[in-house]
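Participant: This is the structure I want to talk about, given as structure tokens.
What follows is calculated from the coordinates using simple rules that are stated; it is not laboratory data. Just so it is clear, the model here is predicted, and its values are computed rather than measured. As a convention, Cβ positions derive from the backbone with ideal geometry for all residues, glycine included, and neighbour counts pool all protein chains shown.
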């Protein structure tokens, strides 16, 4: 059975672990509260660029040695950066977990060499170009900026070619020293591993990091509810993104919000599915709930032919109006609940799947939540709670961004 | 727990496979129907894709809505896809709902309504999917690559062609569904928590009466052109290239896998090191092994801004060629550890195991145990891989680019 452990080092670094001795693997993650929202406009993109630079090594290790150290232990490892955090993770066989955790801990104090910075800048700009060729991502990024306006959550995670071009290694070092403080990160571990050995290896590598006091000021934000569009010559389809106000990752209504997003916009069987996908009006229609630190959104995405855009929006507005008028019904809630519960079971059977929930719960709530607690919270949501949430949120008012082909192209 | 593979063959020849997994509450199943895109007649590309949507639009006693509600009510996560040889219908769910899920899938495969009124939206959705690919150059380049690399019809687009989709009729699609879905050549696999006897009894009563159809073997034609450029005013040139190698059931298979892993297994692999770490040419670059029963290849993708496209392609082909000149012992060790770790970690997922045992059986006529795979990987040496590469050099590249600029090939 799962056993939970927690320890806070004297410098503020938190270690958490959920041991499952029956697992065939283990996963470890370093969760850092450093994302696009923690940047200024001038250094936009630095969190993500810094994530890349951590793989370039320390005073002791160069980039090739880092890669070899991970690969020689068969680690499946990577990192991602969002508006709110940077997460470094690895899934490994149990015998390598301690080595890999020690390696990650070491990498959290990177060399940030100028020549690595210069080469990696090219890779970052290629990543920006790749996502420009991925309209589903591009329209979401643009819509997020529009939705959040001046609020820091509107910053692009990747930054722009312009901000990346002028960013200096010095600016990155300064940002690093302000965000990668021990009290601003959590080390989480799941699966088959020895907790005591984990504590020893993390303490050895990071116990001497000086304590700092780093935080984040939270401001709730309902969104600008503006509308914008852009045309691109390479597109053939219309890509529509809508953002509605949601609830935060700390809000008790987040379970109801998550169920609501499935009722409205799951891949199968949702209102979007029957009204739009089943009728072949769109290739894709989805709604996802995005709980964040002190704020929240629902993001909706539709991809359709250019002659269908107006009709699709009429139907979506009708769905929002119906929800405001009549709410959801019991059958819809039961289906959504069953989907969430089976997804929880399937995801948590693999240590890497479990790691993400374990780490995020601690980052957002500062507490441990067992799988059983999450299951109970999902089961406890009633139709009335979802409908009261719908009344609170006013889905009919949203931010909209449309990416379309250049006319006449 | 000692790994166990369950197997039962129905009297009509349909094979049922299972792998029980300790400590899981989930179960996943896959049904491989001999209805892949290569088996569709000329002029009917895309029919398999349309059928895979159409069958869920009403089956048995349920109309489209009721069937969708019944599947959703089981909390089931559907996975349908089309490959060259098969149509794959599968799902993952909590194990207590397995029998009900199998009954519903029995209806979908054996008693789909395939009504005229549901044909148009089913076809319409696939047409939407096909148009959507125009805005997804990263996906499209690999579809166009396989089409040219494999001899026709093996590499056909699994989405379909617009002309074929537009001329496809409900009558024709219904005839194809009747011929290809209801077949004892289907392979059923299940992994996770299940009762194999109960599964076999249920599937025997559902599928036991199907009779084998006579089928002429696939007539395999020619491969496509060596280089194709598709103009696209995007930000990057998307490069796909593919070269032939040993098939899944060939003697050199494990050497080929080790070679691909040295080339592109982890971040210390050759392509990542030379293309991204040293030169900063790409964000995304990588090569993967891909095998059909009839042919196999190593498929590589790279995306880069137009001015770097030629250098990217040249460096990649250079790395493919350099491999046969020598591999360091440590490189091979990392490749082997990576392959073994991935194997064990995938074995924790019921969906992954169910898919693997089904495809093993199709390719080999038996299921490999994890121990067998591990020992085959462990037996690779620098000499065995170099010897394989000497006998099967990487050459005969097929290249496709999508983007604002062409490259020179060869």
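Participant: With the calculation restricted to Cα positions, what are the radius of gyration and Dmax of chain B in angstrom?
Facilitator: Radius of gyration, then largest Cα-Cα span, for chain B: 22.3, 63 Å.
Participant: Okay, moving on. Run the quick spin-label model on residue A:165 and residue A:250: label points 7 Å from Cα toward the beta carbon, then report their separation in nm to one decimal.
Facilitator: Each label point lies 7 Å from its Cα, and together they span 4.0 nm.
Participant: Could I ask something else about it? Let me confirm one metric for peptide A:351-357, namely the mean number of other chain beta-carbon atoms within 10 Å of its residues' beta-carbons.
Facilitator: On the way: counts 2, 3, 2, 0, 0, 0, 0.
Averaged over the peptide's residues, the number is 1.
Participant: Under the 0.36 nm per residue contour assumption, what length would be gained going from the current alpha-carbon distance of residue A:379 and residue A:216 to full extension? Can you show the working numbers first?
Facilitator: Numbers: separation 163, 0.36 × 163 = 58.68 nm, distance 3.26 nm.
Result for the pair: 55.4 nm of gain on full extension.
Participant: I want to verify the translational diffusion coefficient of the protein assembly as shown in µm²/s; compute it with Stokes-Einstein, Rh as the Kirkwood radius over Cα pairs, at 4 °C and 1.567 mPa s. Before the final figure, lay out the partial values.
Facilitator: Working: Rh = 28.1 Å.
Answer from the Stokes-Einstein relation: 46 µm²/s.
Participant: If you build a Gaussian network model of chain A, linking Cα atoms that sit under 10 Å apart, which residue out of A:146, A:93, A:358 swings the most?
Facilitator: So, out of A:146, A:93, A:358, the one fluctuating most is A:93.
Participant: Next question. Per the Cauchy relation, a quarter of the hull surface: what is the mean projected area of the convex hull of the alpha carbons in the stretch B:1-61, in nm²?
Facilitator: Values: hull surface 29.2 nm².
Mean projected area of the Cα convex hull: 7.3 nm².
Participant: Using the Cα gyration tensor of chain A, with a ≥ b ≥ c the square roots of its eigenvalues, what is the shape: rounded (a/c below 1.5), prolate (a/b larger than b/c) or oblate (neither)?
Facilitator: Numbers: a/c = 1.98, a/b = 1.34, b/c = 1.48.
Oblate, since a/c reaches 1.5 and b/c is not below a/b.
Participant: How far apart, in nanometres, would the label points at residue B:383 and residue A:274 be if each is projected 7 angstrom from Cα along the Cα-to-Cβ direction?
Facilitator: Between residue B:383 and residue A:274, the label points sit 6.8 nm apart.
Participant: How many nm is it between the label spots at residue A:119 and residue B:9, if each spot is 7 Å from the Cα in line with the beta carbon?
Facilitator: About 5.6 nm separates the two model spin labels.
Participant: Using only Cα atoms and rounding to the nearest 10 degrees, what angle (0 to 90) does helix A:97-107 make with the longest principal axis of chain A?
Facilitator: 90
Participant: Using a 10 angstrom cutoff on alpha carbons, build the Gaussian network for chain A and name the most mobile of A:152, A:291, A:233.
Facilitator: Its mean-square fluctuation being the largest, the pick is A:233.
Participant: Using the per-residue mean of other Cβ atoms lying within 10 Å as a proxy for protection, in what order, highest first, do the peptides B:49-60, A:323-334 fall?
Facilitator: Working: B:49-60: 23.5, A:323-334: 15.2.
Those peptides, ordered most packed to least, come out B:49-60, A:323-334.
Participant: Sort all Cα-Cα distances of the stretch B:268-318 into consecutive 10 angstrom bins from zero, then give the percent of pairs in each bin up to the one containing the longest distance.
Facilitator: For the stretch B:268-318, the binned pair fractions read 25, 50, 20, 6 percent.
Participant: For chain B, set up a GNM with springs between Cα atoms under 10 Å and report which of B:296, B:103, B:191 has the largest fluctuation.
Facilitator: Looking only at B:296, B:103, B:191, the largest GNM fluctuation is found for B:103.
Participant: Given R₀ = 51 Å, FRET efficiency for residue B:396-residue A:177 by Cβ-Cβ distance, to 0.05?
Facilitator: On the way: r = 53 Å, r/R0 = 1.04.
For residue B:396 and residue A:177, the calculated efficiency is 0.45.
Participant: What whole-number volume per residue, in cubic angstrom, does the convex hull of the C-alpha atoms of the stretch A:203-320 give? Let's see the in-between values first.
Facilitator: Details: hull volume 23.2 nm³, N = 118.
Taking only Cα atoms, the stretch A:203-320 has a hull volume of 196 Å³ per residue.
Participant: Note down the relative contact order for the stretch A:99-245 as a percent, whole number, built from C-alpha pairs under 8 angstrom at least six residues apart. Intermediate results must be reported in sequence, preceding the final value.
Facilitator: Numbers: 86 pairs, mean separation 54.8, N = 147.
That works out to 37 percent.
Participant: Oh, and also: Can you tell me how the stretch B:300-400 classifies by the Cα gyration tensor, rounded, prolate or oblate, using a/c under 1.5 as the rounded cut? The partial results should precede the final answer.
Facilitator: Working: a/c = 2.08, a/b = 1.53, b/c = 1.36.
Prolate, since a/c reaches 1.5 and a/b exceeds b/c.
Participant: Sticking with this one: Roughly speaking, what is the stretch gain from residue A:369 to residue A:307, that is 0.36 nm per residue apart minus the C-alpha to C-alpha distance, in nm to one decimal?
Facilitator: Values: separation 62, 0.36 × 62 = 22.32 nm, distance 4.73 nm.
Value of the extension gain: 17.6 nm.
Participant: Any idea what angle helix A:330-348 forms with the longest principal axis of chain A, computed on alpha-carbon atoms, 0 to 90 degrees, nearest 10?
Facilitator: Once rounded, one gets 20 degrees.
Participant: Moving on to the next point. Suppose we keep just the DSSP beta bridges with both residues in chain A; what percent of those would be antiparallel, to 5? If you can, show how the numbers build up before the last one.
Facilitator: Details: 48 of 60 bridges.
So the antiparallel bridges in chain A amount to around 80 percent.
Participant: What does the average come to when, for each residue of peptide B:22-33, you count the partner chain Cβ atoms lying within 10 Å of its Cβ? Walk me through the numbers on the way to the answer.
Facilitator: Details: counts 2, 6, 5, 5, 6, 1, 1, 0, 0, 0, 0, 0.
That works out to 2 on average.
Participant: Be a star and scan the stretch A:210-233 for residues whose amide nitrogen sits under 20 Å from the point 7 Å along the Cα-to-Cβ vector of residue A:137.
Facilitator: Correct set: A:230-233.
Participant: Now a separate question. Throw me the Rg/Rh for the stretch B:39-90, computed over C-alpha atoms with Kirkwood Rh, two decimals. If you can, show how the numbers build up before the last one.
Facilitator: Details: Rg = 12.9 Å, Rh = 12.3 Å.
Computed over Cα atoms, the ratio is 1.05.
Participant: Tell me, what is the percent relative contact order of the stretch B:322-410, built from C-alpha pairs under 8 Å that lie six or more residues apart? Walk me through the intermediate numbers first.
Facilitator: Working: 31 pairs, mean separation 33.5, N = 89.
Taking the mean separation of contacting Cα pairs over the length of the stretch B:322-410, I get 38 percent.
Participant: Right, another one. Taking 8 Å as the Cα distance limit and 6 or more residues as the minimum spacing, I'd like the relative contact order of the stretch B:46-108 as a percentage.
Facilitator: Numbers: 59 pairs, mean separation 20.3, N = 63.
So the answer I get is 32 percent.
Participant: Can you tell me the 0 to 90 degree angle between the C-alpha axis of helix B:116-133 and the longest principal axis of chain B, rounded to 10?
Facilitator: That helix lies at roughly 10 degrees to the long axis.
Participant: What's the FRET efficiency of residue A:394 with residue A:99 using the Cβ-Cβ distance as r and R₀ = 60 Å, to the nearest 0.05?
Facilitator: On the way: r = 52 Å, r/R0 = 0.86.
According to the calculation, E is roughly 0.70.
Participant: While we're here: Rounded to the nearest 500 deg cm²/dmol, what is the calculated helix-only ellipticity per residue at 222 nm for chain B, with -39500 (n - 2.57) per DSSP H run of length n ≥ 4? Write down the numbers at each step before the final one.
Facilitator: Working: 14 runs with 170 residues, N = 410.
Value at 222 nm, helices only: -13000 deg cm²/dmol.
Participant: If the viscosity is 1.567 mPa s and the temperature 4 °C, what translational diffusion coefficient in µm²/s does Stokes-Einstein give for the stretch A:31-155 when Rh comes from Kirkwood over Cα pairs? Write out the running numbers ahead of the final one.
Facilitator: Numbers: Rh = 15.9 Å.
Result for D is 81 µm²/s.
Participant: Quick one: work out Rg over Rh on the C-alpha atoms of the stretch B:49-186, Rh as Kirkwood radius. Please list the in-between numbers first.
Facilitator: Details: Rg = 15.9 Å, Rh = 16.2 Å.
Rg divided by Rh gives 0.98.
Participant: Taking the Cα atoms of the stretch B:1-102, what is the range of coordinates along each of the three principal axes, in descending order and whole Å?
Facilitator: Principal-axis extents of the stretch B:1-102 (Cα, largest first): 50, 31, 24 Å.
Participant: Counting only other chains, what is the mean number of Cβ atoms within 10 angstrom of the Cβ of each residue in peptide B:270-280?
Facilitator: On the way: counts 0, 0, 2, 4, 0, 1, 5, 10, 3, 3, 9.
Taking all residues of B:270-280 together, the mean is 3.
Participant: I need the calculated FRET efficiency for the pair residue A:331 and residue B:329, taking r as the beta carbon distance and R₀ as 45 Å, to the nearest 0.05.
Facilitator: On the way: r = 62 Å, r/R0 = 1.37.
The calculated FRET efficiency here is 0.15.
Participant: Given axes a ≥ b ≥ c from the Cα gyration tensor, I'd like to know whether the stretch A:339-379 is rounded (a/c under 1.5), prolate (a/b larger than b/c) or oblate.
Facilitator: Details: a/c = 2.38, a/b = 1.23, b/c = 1.93.
Judged from the Cα gyration tensor, the stretch A:339-379 comes out oblate (a/c at least 1.5, b/c at or above a/b).
Participant: Separation of the stretch A:40-118 and the stretch B:335-383 by C-alpha centroid, Å?
Facilitator: Cα centres, the stretch A:40-118 to the stretch B:335-383: 29 Å.
Participant: Mind checking the full-extension length gain between residue A:8 and residue A:60? Use 0.36 nm per residue of separation minus the Cα-Cα distance, one decimal, nm. List each step's numbers first, then the result.
Facilitator: On the way: separation 52, 0.36 × 52 = 18.72 nm, distance 2.70 nm.
Length gained, residue A:8 through residue A:60: 16.0 nm.
Participant: Using only C-alpha positions, report the orientation-averaged shadow area of the convex hull of the stretch B:121-262, nm², one decimal.
Facilitator: Details: hull surface 56.1 nm².
Its average projected convex-hull area is 14.0 nm².
Participant: Show that you can apply the helix-only estimate: for chain A, add -39,500 (n - 2.57) for every DSSP H stretch of four or more residues, divide by all residues, and state [θ] at 222 nm to the nearest 500. Numbers along the way, then the final one.
Facilitator: Working: 14 runs with 175 residues, N = 409.
Calculated at 222 nm, the ellipticity per residue is -13500 deg cm²/dmol.
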